[in-house]
Amino acid sequence: MNLDFSDDQKALQDQVRRFLAERCTSAAVRRIVESDETHDRDLYAGLAELGVLGAAIPEAYGGVGLSKLELCLFAEELGRVIAPVPVSSSIYLAAEFLLLAGSEAQKTTWLPKLAAGEIVGTFALTEGSGRTTPDKVKASVRNGRLTGTKVAVPDGAAADLAVVAARHGTGEGADGISLYLVDLRGPGVERTVLTTLDPSRKAATFTFKDAPADLLSGEGDGWHVAGQVMDRAAILLAFEQVGGSDRALEMARDYALDRMAFGRPIGSFQAIKHMLADMYVSATLARSNCYYAAWALSTDAAELPVAAATARVSATQSFQHCAKNNIQTHGGMGFTWAFDCHLYYRRSNALALSLGSLSTWESLLIERLRGGNAAVA
C-alpha cells in the first residue's frame, strides 16, 4: 500500500491552511484561552462556510460530499493552529454517529445543522476514571427518559446535542447498551463546565434527570457502533496531532536558528541538533501511520481497527514529545506565558486524553494485533 493524497486534495488543504493562517492566529487562540467563551464562534462559522464542517457529510444532508481523506487533511490543518473550535466532537463524533446509525429522520434533522455550524454535537460516554468498559456504563433510559451522569464530556461547554451511551431496560454488559440523541438545551439536563488543562476546548459534566432521549441505533448495539465511530474519530484526531507535532517542530527549529549563544545559533550545538532530529523522526513516524490509517478509513479496510489504534498511539506520542521538546529548545523562555509553546503543550496533553488515554489505545492495539485485526469495541 502506497497512499498519497491527490493534487486536488492538497490544493483544498492549502486553501484551508491559508484561511486558518488569517483567521486563527496565536492571538485568536489566546483570546479563547483567557476568556469564558466556549470556542471561537466566528472561526467556527467561517469553517462551516468554507465547507470544512460538512466535508464528509453527503450533499443530501447539507454537506459538501467529499470523502474522509479530505477531512483528514483538514484535521491536520486544524491541529497545526490548535484551533479553538469543537470540530472533533461535533464532526468526527456526533456527525459520524448519525451517518452510521441514525434514521433518515434523524439525519435530515441534525446533519444539516452540524454541517452549517448552527449547533455543536458531542459524545457522552465516560462516567468515571480509568478505561470505560460496558460494566461502567450506569446511565439508563426508561420510557424514553434518560437518567444518569456523564463526566468530562469533550467540548461539553459548547455542545447543543449529545450522543449518549446508556442502558436500556435491564440489559447486562455490552448487550444492554444503546445510543440516544439528547438535546442538551432541553429539560432534565444540568451542565457543569470543568476547569481543564486546555481552556480552548472546554469540557463539561452532564447530569440527566428524566431528560428526553431519542434512540439512535438499534437497542443493544450501542457499544459496537461506538467502537466503530471511536476508531474513525481516532484517525481524524491523529491527523490533528500530526499537524500539532509539525508546527511544534517548526517553532523549535526556527528558534534554534535565530537564538544566539556564544556567538553561534544554538541550532549548531549537538544537543539541540539531536533533540530536533528526534522530534522529526517522531513526527514522521506518526505521519506514516496516519497515512496508512487514512487509507484504511477511506476503503473501510479490514485493517481499520489496527490502523486506527496504531495512528492514535504514534500521533499521541509524537505530539507530546514535540510539544515538550519545543519548550526545552526555547529554554527558560519556553516556560513563559509570552511564548506560544505552552499552548501546544496544553493541547498535546488534552488530546492525549480524548477518546481514551494513551494506555487505553496501547492496550487496544495489543488486543487487536492478537485478535487478527478484529474490532474491539
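No lab work stands behind these numbers, since they all come straight from the coordinates. Treat the numbers as computed from the prediction; the structure is a model and nothing was measured. All Cβ positions, even for glycine, are placed from backbone atoms using ideal geometry, and neighbour counts span all protein chains on display.
With all pairs of different alpha carbon atoms counted, what Kirkwood hydrodynamic radius in Å does segment 254-377 show? Don't jump to the answer; show the numbers that get you there.
Details: mean 1/r = 0.0619 Å⁻¹.
Computed over segment 254-377, the radius equals 16.1 Å.
Can you find, among Leu343, Ile272, Phe239, the residue sitting farthest towards the positive end of the charge dipole of segment 223-370, where Lys and Arg contribute +1 and Asp and Glu -1 at Cβ?
Result: Ile272.
Under a 5 Å amide H to amide H cut-off, with H placed in plane at 1.01 Å, what residues pair with Leu184 once short-range neighbours are removed?
Here Leu161, Ala162 satisfy the definition.
In the chain, what percentage of the DSSP-assigned beta bridges are antiparallel, given to the nearest 5?
The answer is about 80 percent antiparallel.
Rounded to whole Hz and in sequence order, give me ³J(HN,Hα) for segment 100-117 from the Karplus expression 6.51 cos²θ - 1.76 cosθ + 1.60, θ = phi - 60°, writing x for Gly and Pro.
7, 10, x, 6, 4, 5, 5, 4, 5, 6, 9, 4, x, 6, 5, 5, 7, x
Which one of Gly356, Gly176, Gly130 has the biggest mean-square fluctuation once the chain is modelled by GNM with Cα springs under 10 Å?
Maximum fluctuation in the GNM of the chain, among the listed residues, is at Gly130.
Which one, Lys113, Lys273, Lys68, has the greatest fluctuation when you compute a Gaussian network model over the chain with C-alpha springs under 10 angstrom?
Greatest mean-square fluctuation among the candidates belongs to Lys273.
What's the magnitude of the charge dipole for segment 7-115 around its Cα centre, counting Lys and Arg as +1 and Asp and Glu as -1 at the beta-carbon? Answer in Debye, nearest 20.
Here segment 7-115 has a charge dipole of around 100 debye.
Enumerate the amide H contacts of Asp210 below 5 Å, restricted to partners 5 or more residues apart or on another chain; note that Pro and chain-start residues carry no placed amide H.
Leu146, Thr147, Gly148
Neighbour counts of other C-beta atoms within 10 Å: give me Met251, Met279, Met333, Met260 arranged from fewest to most.
Met260, Met333, Met251, Met279
Based on C-alpha coordinates, I'd like the Rg and Dmax of segment 69-144, in Å.
Rg and Dmax of segment 69-144, Cα atoms, are 15.1, 45 Å.
Can you work out ³J(HN,Hα) from phi for every residue in segment 71-79, in order, using Karplus 6.51 cos²θ - 1.76 cosθ + 1.60 and θ = phi - 60°, giving whole Hz and x for Gly and Pro?
Once rounded to whole Hz, the list reads 5, 4, 5, 5, 4, 4, 5, 4, x.
When you count, for each residue, the other Cβ atoms within 10 Å and take the mean per peptide, how do 45-56, 315-326 rank with the highest first?
In decreasing order of mean packing, 45-56, 315-326 become 315-326, 45-56.
Once phi is turned into θ = phi - 60°, what whole-Hz ³J(HN,Hα) does the Karplus curve with 6.51, -1.76 and 1.60 give for every residue of segment 212-218, x standing for Gly and Pro?
Per-residue couplings from phi come out as x, 9, 9, 4, 8, 10, x Hz.
Run lengths n ≥ 4 of DSSP H only: what is the helix-derived mean residue ellipticity at 222 nm for the chain, with -39500 (n - 2.57) per run over all residues, to the nearest 500?
For the chain, the value works out to -16500 deg cm²/dmol.
Going toward the positive end of the dipole of the chain, with +1 on Lys and Arg Cβ and -1 on Asp and Glu Cβ, which of Ser298, Ala165, Gln106 do you reach last?
Ala165
So, by mean Cβ neighbours within 10 angstrom, what's the order for 75-86, 9-20 with the highest one leading?
Numbers: 75-86: 26.2, 9-20: 16.2.
Order by mean packing, descending: 75-86, 9-20.
Cα to Cα, under 22 Å, and not fewer than 8 places away if on the same chain: which lysines meet these conditions relative to Lys150?
Lys150 reaches Lys136, Lys138, Lys202, Lys209.
If one takes the longest principal axis of the Cα atoms in the chain, at what angle in degrees, from 0 to 90 and to the nearest 10, does the Cα axis of helix 41-50 lie?
Once rounded, the angle reads 90 degrees.
Could you give the distance between the Cα centres of segment 142-181 and segment 309-377, to the whole Å?
27 Å
Please get the size of the charge dipole for the chain, origin at its Cα centre, with Cβ charges of +1 on Lys and Arg and -1 on Asp and Glu, quoted in debye to the nearest 20.
Using only the charged Cβ atoms, the result is roughly 960 debye.
Kindly identify segment 1-140 as rounded, prolate or oblate by the Cα gyration tensor criterion: order the square roots of the eigenvalues as a ≥ b ≥ c, call it rounded if a/c is under 1.5, otherwise compare a/b with b/c, prolate if a/b is larger, else oblate.
Oblate.
Going by alpha carbons, how many degrees (0 to 90, nearest 10) lie between the helix axis of 7-23 and the longest principal axis of the chain?
80 degrees
Placing +1 on the Cβ of each Lys and Arg and -1 on the Cβ of each Asp and Glu in segment 1-51, which of Leu12, Ala48, Ala28 has its Cα farthest towards the positive end of the resulting dipole?
Ala28
Compute the long axis of helix 341-353 from its Cα atoms, compare it with the longest principal axis of the Cα atoms of the chain, and write down the angle in degrees, 0 to 90, nearest 10.
With both axes taken from Cα atoms, the answer is about 30 degrees.
With a 10 Å cut-off between alpha carbons and a GNM built on the chain, which of Ala261, Ala157, Ala293 moves the most?
Maximum among the listed residues: Ala261.
Using only the C-alpha atoms of segment 155-286, find the volume of their convex hull and express it per residue in Å³.
147 Å³
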